[in-house]
Amino acid sequence: MDPECSRLLPALCAVLVDPRQPVADDTCLEKLLDWFKTVTEAGPSLLLLQENPCLVELLFRVLKAHDPRPRVLSFSLRLAGLFAAQEDCFQYLQGDSSLFVASAAGQLLVHILALAMRGPAEGHPSPQGCDWPACAQKIVCHVEDSLRSTATLQVTQALNVLTTTFGHCHSPWTQGLWVRLSPLVACLLEKDPIPASHSLVDLLLSVARSPVGSSDCGLWETLAQTLSHLSPTQAGPLALGILKLQDCPQALKTQAFGVLLQPLACVLKAAAQAPGPPGFPEGATGDSITVDTFLSSKSACVGLLCQALAHLELLQLLPQRPSPWPQAPLLRAAVAILRFCHGSAAPTSDVGGHLCAVLAGCVRVQRAALDFLGTLSQGTGPQELVTQVFAVLLEYLTSPDSSPMVLKKAFQATLRWLLGSPKAPSCCDLDPHTQLFLGELLPVLRKRLCSPCWEARDSGLEFLTQVTRHWGGQAAFRHALLASEVPELTGQLLRDPESYVRASAVTATGQLSSWGLYATPTGPEHPEVQQESLFTELLHILSTDSEGFPRRAVMHVFTQWLKDGHADVAEDLEQFVARVLQAASQDLDWEVRAQGLELALVFLEQLLGQPGSRCPYAVALPEAAPPATLAQVLQALCRVQLFEFALRALFDCDRPVAQKSCDLLLFLKAKATPCGGPQEAGASPDVVSVEAALQRWQAGEQGQPLGELEPEAVMAVLRSMDLEGLRGMLAKSSDHMEKSPQSLLQDMLATVGVLGENEADCY
Amino acid sequence: MMALPYITEHTGFTGTVYATEPTVQIGRLLMEELVNFIERVPKAQSASLWKNKDTQRLLPSPLKDAVEVSTWRRCYTMQEVNSALSKIQLVGYSQKIELFGAVQVTPLSSGYALGSSNWIIQSHYEKVSYVSGSSLLTTHPQPMDQASLKNSDVLILTGLTQIPTANPDGMVGEFCSNLALTVRNGGNVLVPCYPSGVIYDLLECLYQYIDSAGLSSIPFYFISPVANSSLEFSQIFAEWLCHNKQTKVYLPEPPFPHAELIQTNKLKHYPSIHGDFSNDFRQPCVVFTGHPSLRFGDVVHFMELWGKSSLNTVIFTEPDFSYLEALAPYQPLAMKCIYCPIDTRLNFIQVSKLLKEVQPLHVVCPEQYTQPPPAQSHRVDLMIDCQPPAMSYRRAEVLALPFRRRYEKIEIMPELADSLVPMEIKPGISLATVSAVLHTKDNKHVLQPPPRPAQPTGGKKRKRPSDDIPDCKVLKPLLSGSIPVEQFVQTLEKHGFSDIKVEDTAKGHIVLLQEAETLIQIEEDSTHIICDNDEVLRVRLRDLVLKFLQKF
């Protein structure tokens, strides 16, 4: 600890134990703890305590206080824990009503237990604990008492302590601990309702993940028993946890999977008009408890369904997901749920009627089901089911009642299913079903782009961008799109009153244009006026739009165009880069300026001949003569005023811009130097004026232009600048000064210093 | 409202009609438009023989299915409209209107249209709420007053949305998108509508939308004999508007943006298609005009003008008519037909929230609301679900509302109140006897001081009418308290009665004085002394009983 901090520490400790002083907020105490952690890791804690007796005093007084403030108590306990990790010797506290204190006390207990067991009891102590150290005995007895308690709070705390224990300690003694405590845990299952079920699930999963899990000890039986005892909603997280375990008995996995599938099985059963095709595997037949939950209340029904959908969605993405995966019934269930929500299902059963009433128009379930349906697109399904999926998606996309969020999800799910749909076997074009669907989808998209709700227009545009990105080259898609009026509407939305929509329209038109799918619109207002090219229009947005989002989107499109060698760009590359950089350099939004640097970097890489690049310049440059090439490149960079842009950005008040510029110039310096390049220009007048301008910029006078630049002068300036040093400085976060422990201690003292002043005022 | 002249002019009605001012003004506009439309095309003769039931049966559908055709009436005249409106007394929201002292009636904002009301009918101890077309959505009128509906004994619920599955927001979206797509392709849009109501919201929505959709050069025409008045009236009913619009009045800015649409020439209005309109008419355009049934009014011309081209679109927004039936005479039709019924009245989800909030003891509603719509029998969410179940009624059914009137409030005059001397008989409960004259007039009851006991009057003085009130008898005090039997027996013994026997009965006790052959029946609310013609004994015993009771 540096001496300045040591000097400040006693005053701070005095403040913390003084009940009259306002305690700094939790964040300060958290920061303080972080700092103590680094200090204790750096050197022996004992020395620290000896050098700073105020710390011991603090712990002592806080623990002895009759009515300690929870924040300070929590802080002190955790501080004590930090020291205890090396020293051992602290008493414990538990049962405080404050969540923070209880949690801290619990963690402390675990540390102490682990410490106590580390020495003599290493190895395989007996479960009865007769050979356990007294301290450990005391803790375990306390936990046992708590587990037997009728107060849920106490049970919860005991379970939490155990969860932490099994999560952190993997020594053999934990096995003994489990053997000793598992009967008490099993007893909890006999109670009705099961107390602290959430914590119980956490504990069981924690044990199952620990080495105890691999050595059986009746754990699997307990898990199976718990699964069947908990309510469907409580059992969900446990089932998911079990299915995530690496090795556990197949029977248990089947049971857990059954729990997750049950709500959906219930839906399928309720939706069935007649006995349908085989549904879910055994164990997931929609049992009566699930049905009861469905019928009990709307919130219970919605909660259970959303939970099941979310869990199954997570599970599907995991490598250890159950196999065989019941793709077809899951698809059917998702479609059924969506139909219930939409009011288009016509169930005959009572449960079905109830679901209909509860789910009609329920946005929460709609969102969850659409997300889930989207994930299911990774698998396949029988064609007739896939047709149903597309039909229900189309229903949602068409329905005027779909809320903006639901519509967005429907577009996302549709995109996933479209991209996952198989290609026609004969050629690489879209299969006939997909083509048919596109025929129905595009008029809907067209209508959504005309929606008065901006969110609908926005998600329509996002969908268009994505689908074009993937299918811009597919003949069938191109044909359908060009016949649909959608590209013209997209162009129209470049002038949308909502900035988010303008931004999405920029991205969409950029993407369409990349694939040659964008014809400049002729609006109904001025059909006679010949419109300018899209590049001009986007450049206009970049220079005039009052909102940042559209301008950022334009920069992204331009960068992409440059990378792709877009026809409009290739026509006159230098002109393109020059105009874009000029517009970006004056932008008030730092992201636009940063993206300008990104574009400049792409340009630079293309000029300097990245291997495999298809930039027209790179082809044109004779590779055999690098120095001459470099000179040409530098000339080109001067012509497009890239240096002025980059150098100005170097002193940008926004750090990311400066960092990016620094990287760019370093890249250029590295590329230019090994080739020799133009000889050093010495202290030519050019350099002097450049350096003078840079100094002014650095001082904040950014108004001054740099004027015409000579490549030699630029290289000379670059060589003379300490770019590496600058990069190092920029890499430090802007608040590195404010983050120091010294500053923290001063801040905390400053906030409490008010008290002293007030006292003085009283005189 | 549209049927008012039939009631006031044709049934011998002599009463008063209560309505808010916008209801009267806008109602007049709607009726005026209707009369104008009908009178424009006078019928030289009218057929009535077909209404004969035997003939009607043989006619093709839908004529043969028409119900009660004999009761169909001709449309009223403007004279009858004016006469009907003259019987209306204007009322304001929350104004209390006394009806014969029996009940108080109060209109409350129902949030559905300018001046639309729900009504509270209450006496001192009972409250009935009548909920008609109401809306919880934020549109142009003042929001619905829900709080005042609380504590109702009965809530009569009518006027729910006709299209419970169509969400107005979604429908407005459909309306705008279809409008834009049609116009963009060079087609015209026809919106059959009433001259007031949803049209204000549609115009407001279009006002925000047309620029974003690049439609600012497209003309919007509003054609109705009352178009001008409707647009102008709506702007002056400031106190009946939603808060947002009210504040605009003070800016000063017109509350509805259609004023700006008119100023910028984007919206033009005409009384009919003749005259100025034919000079200004430009296509593609959007036309709002009536009548939404497509049977009369200027809309008929546009249906015939545009029906043949698939570029054009007719968009139905009024929920009152089946659009398929409206279109039937125009078939085959090339123009596109879009059905976006915009009905902002309460749907079943909103009703269930409202009932939870207001908590009436009983709900009374039309039978149709208590079961799912016949076409969607599985949609159990499309019905009223409340506890206790709603009481339903059918057309023309007479219902006994599920409550009884138990109490009346009686006022007591101050001088009479002054004369009372309450006596505390239990902590917190005081009693006083009142001798007064109950004066009842117009269902109001007042206790007035009794006339002074008749005094010998000077022979010369003429008797005044108030002196005719009969003299009050001298008041006997009232008794309260209970008689403890044991103590009573002791007292009797002390006063020389012997051979006393006490029997317990279901209602109290009987004290038997065997010697005197006398019975004293003591019950909770009465005491009887039964002795054989011995008045002296009875009085003695009575005085002993009275010792145990309090008098006041």
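What's the average, rounded to a whole number, of partner chain beta-carbon atoms within 10 Å of each residue's beta-carbon in A:351-362?
Going residue by residue through A:351-362 and averaging, the value is 3.
At 1.4 Å probe size, put B:HIS10, B:HIS378 in order of accessible surface, largest to smallest.
Reading off the accessible areas and sorting them downward yields B:HIS10, B:HIS378.
For the protein assembly as shown, what's the radius of gyration and Dmax over Cα atoms, in angstrom?
Values for the protein assembly as shown (Cα only, Rg and Dmax): 44.0, 152 Å.
Over the Cα atoms of the stretch B:282-337, compute the convex hull volume and normalise it per residue, giving Å³.
Residue-normalised Cα hull volume stands at 77 Å³.
Over chain B, with the other protein chains present, what is the accessible area per residue in square angstrom, probe 1.4 angstrom?
57 Å²
Would you mind working out the magnitude of the charge dipole of the stretch B:119-188 relative to its Cα centre, with +1 at each Lys and Arg C-beta and -1 at each Asp and Glu C-beta, to the nearest 20 Debye?
120 debye
What's the local net charge at B:TYR93, with K and R +1, D and E -1, over the other residues with C-beta under 15 Å away?
-2
Count the lysine pairs in the stretch B:13-164 whose Cα atoms lie under 25 Å apart, taking only pairs 8 or more positions apart in sequence or on different chains.
So the count works out to 9.
If amide H atoms are built 1.01 Å from N in the plane of the peptide, which residues on other chains or at least 5 residues away come under 5 Å of the amide H of B:ILE412?
B:LEU447
Give B:LYS476/B:LYS501; B:LYS356/B:LYS444; A:LYS37/A:LYS732; A:LYS408/A:LYS447; A:LYS447/A:LYS563; B:LYS501/B:LYS551 a once-over and call out the pairs whose C-alpha atoms are over 23 Å from each other.
Those over the limit are B:LYS476/B:LYS501; B:LYS356/B:LYS444; A:LYS447/A:LYS563; B:LYS501/B:LYS551.
At 1.4 Å probe size, with no ligands or nucleic acids counted, give the accessible surface of B:MET391 in Å², nearest ten.
The accessible area comes out at roughly 60 Å².
Compute the Rg/Rh shape ratio of the stretch A:281-383: radius of gyration over Kirkwood radius, all on alpha-carbon atoms.
Result: Rg/Rh = 0.96.
What is the set of long-range amide H partners of B:TYR18 at a cut-off below 5 Å, with H atoms built 1.01 Å from backbone N?
Amide H to amide H, under 5 Å and 5 or more residues apart or across chains, B:TYR18 pairs with B:GLN89.
As an exercise, take the mean of 1/r over every pair of distinct alpha carbons in the stretch B:246-332, invert it, and state the Kirkwood radius in angstroms.
Kirkwood radius, the stretch B:246-332: 15.3 Å.
Please go through the stretch B:236-280 and write out the chymotrypsin sites (Phe, Trp or Tyr not before Pro) that DSSP classes as loop and that have at most 10 other C-beta atoms within 10 Å.
For chymotrypsin sites (Phe, Trp or Tyr not before Pro) across the stretch B:236-280 that sit outside H, G, I, E and B with at most 10 neighbouring Cβ atoms in 10 Å, the list reads B:TYR250.
Sorted from largest down, what three extents in whole angstroms do the Cα atoms of the stretch B:267-390 have along their principal axes?
62, 30, 22
If you bin the C-alpha pair distances of chain B every 10 Å from 0, what whole percents do you get?
Distribution as computed: 3, 12, 18, 18, 14, 8, 7, 7, 6, 4, 2, 0 percent.
Return the percentage of antiparallel bridges among DSSP beta bridges fully within chain B, rounded to the nearest 5 %.
Taking every DSSP beta bridge within chain B, about 55 percent pair in antiparallel fashion.
Per-residue HN-Hα couplings for the stretch B:317-324, Karplus 6.51 cos²θ - 1.76 cosθ + 1.60 at θ = phi - 60°, whole Hz, x for Gly and Pro?
With the stated coefficients, the stretch B:317-324 comes to 10, 7, x, 6, 10, 6, 5, 5 Hz.
Leaving ligands, DNA and RNA out of it, rank B:ARG540, B:ARG406, A:ARG7, B:ARG395 by accessible area with a 1.4 Å probe, largest first.
Result, largest first: B:ARG395, B:ARG406, A:ARG7, B:ARG540.
Considering only DSSP beta bridges with both partners in the protein assembly as shown, what is the antiparallel share in %, to the nearest 5?
55 percent
For B:GLU503, what accessible area in Å² do you get when you roll a 1.4 Å probe over the heavy atoms of the protein chains, rounding to the nearest 10?
Its accessible surface works out to 80 Å², give or take rounding.
Place +1 on the Cβ of every Lys and Arg and -1 on the Cβ of every Asp and Glu in the protein assembly as shown, take the dipole about the Cα centre, and give the residue among B:ALA19, A:VAL365, A:THR293 whose Cα lies farthest towards its positive end.
B:ALA19
Determine ³J(HN,Hα), in whole Hz, for all residues of the stretch A:223-236 in sequence, where each value follows from phi through the Karplus function 6.51 cos²θ - 1.76 cosθ + 1.60 and θ = phi - 60°; x replaces Gly and Pro.
These are the phi-based 3J(HN,Hα) values: 4, 4, 4, 4, 3, 7, 8, 6, 5, x, 5, 6, 6, x Hz.
In peptide B:204-214, what is the residue-averaged number of other protein chain Cβ atoms found within 10 Å of each Cβ?
Across B:204-214, the average partner-chain Cβ count within 10 Å equals 4.
Using a Debye calculation, one point per C-alpha and no hydration shell, please list log10 I(q)/I(0) for the stretch B:201-298 at q = 0.10, 0.12, 0.13 Å⁻¹ in order.
At q = 0.10, 0.12, 0.13 Å⁻¹ the computed log10 ratios are -0.30, -0.43, -0.51.
What quantity of accessible surface, computed with a 1.4 Å probe and excluding non-protein components, is buried in total between chains A and B, in Å² to the nearest 100?
Roughly 2000 Å² of accessible surface disappears when A and B pair.
Does the stretch A:206-261 classify as rounded, prolate or oblate by the C-alpha gyration tensor (a ≥ b ≥ c root eigenvalues; a/c under 1.5 gives rounded; else a/b over b/c gives prolate, otherwise oblate)?
Judged from the Cα gyration tensor, the stretch A:206-261 comes out prolate (a/c at least 1.5, a/b above b/c).
Where does each of A:MET555, A:MET729, B:MET144 land when they are ordered by accessible area, with a 1.4 Å probe and the largest first?
A:MET729, B:MET144, A:MET555
Looking at the stretch B:9-79, which chymotrypsin sites (Phe, Trp or Tyr not before Pro) are in a loop (DSSP not H, G, I, E or B) and have at most 14 other Cβ atoms within 10 Å?
For chymotrypsin sites (Phe, Trp or Tyr not before Pro) across the stretch B:9-79 that sit outside H, G, I, E and B with at most 14 neighbouring Cβ atoms in 10 Å, the list reads B:PHE13, B:TRP72.
Could you list which residues have their amide H under 5 Å from that of B:LEU190, counting only those 5 or more apart in sequence or on another chain, with H placed in the peptide plane?
B:VAL287, B:THR313, B:VAL314, B:ILE315
Calculate, for B:LYS476 and B:ALA516, the FRET efficiency according to 1/(1 + (r/R0)^6) with r their C-beta to C-beta distance and R0 41 Å; round to the nearest 0.05.
Using R0 = 41 Å, I get an efficiency of 0.95.
In straight Cα distance, which aspartates and glutamates are under 16 Å from A:LYS298, not counting same-chain residues fewer than 8 positions off?
Cα-Cα hits under 16 Å: A:ASP350, B:ASP381, B:ASP385.
Cut-off under 20 Å on the C-alpha distance; same-chain residues fewer than 8 positions from A:LYS244 excluded. Which lysines are left, in chain and number order?
Answer for A:LYS244, where 20 Å is the Cα cut-off: A:LYS253, listed by chain and number.
How large is ³J(HN,Hα) for each residue in the stretch A:27-36, as worked out from phi by the Karplus curve 6.51 cos²θ - 1.76 cosθ + 1.60 (θ = phi - 60°), to whole Hz, x for Gly and Pro?
Going residue by residue, I get 4, 4, 5, 4, 4, 4, 4, 4, 5, 4 Hz, with x marking Gly and Pro.
What are the lysines whose alpha-carbon lies under 19 Å from the alpha-carbon of B:LYS245, with same-chain residues fewer than 8 places away excluded?
Reachable lysines: none.
Once Rh is set to the Kirkwood radius over Cα pairs, what Stokes-Einstein translational diffusion coefficient, in µm²/s, holds for the stretch A:178-279 at a temperature of 25 °C and a viscosity of 0.890 mPa s?
After rounding, the answer is 168 µm²/s.
The values are calculated or read from the model by the stated rules, or taken from the named source; none is laboratory data. Keep in mind that what you see is a predicted model, and the values were worked out from it rather than measured. No Cβ is skipped: glycine too gets one built from the backbone with ideal geometry, and neighbour counts run over all protein chains shown. Remember, those area values only see protein heavy atoms, side chains included, never the ligands or the DNA or RNA. Shrake-Rupley method; radii C 1.70, N 1.55, O 1.52, S 1.80 Å.
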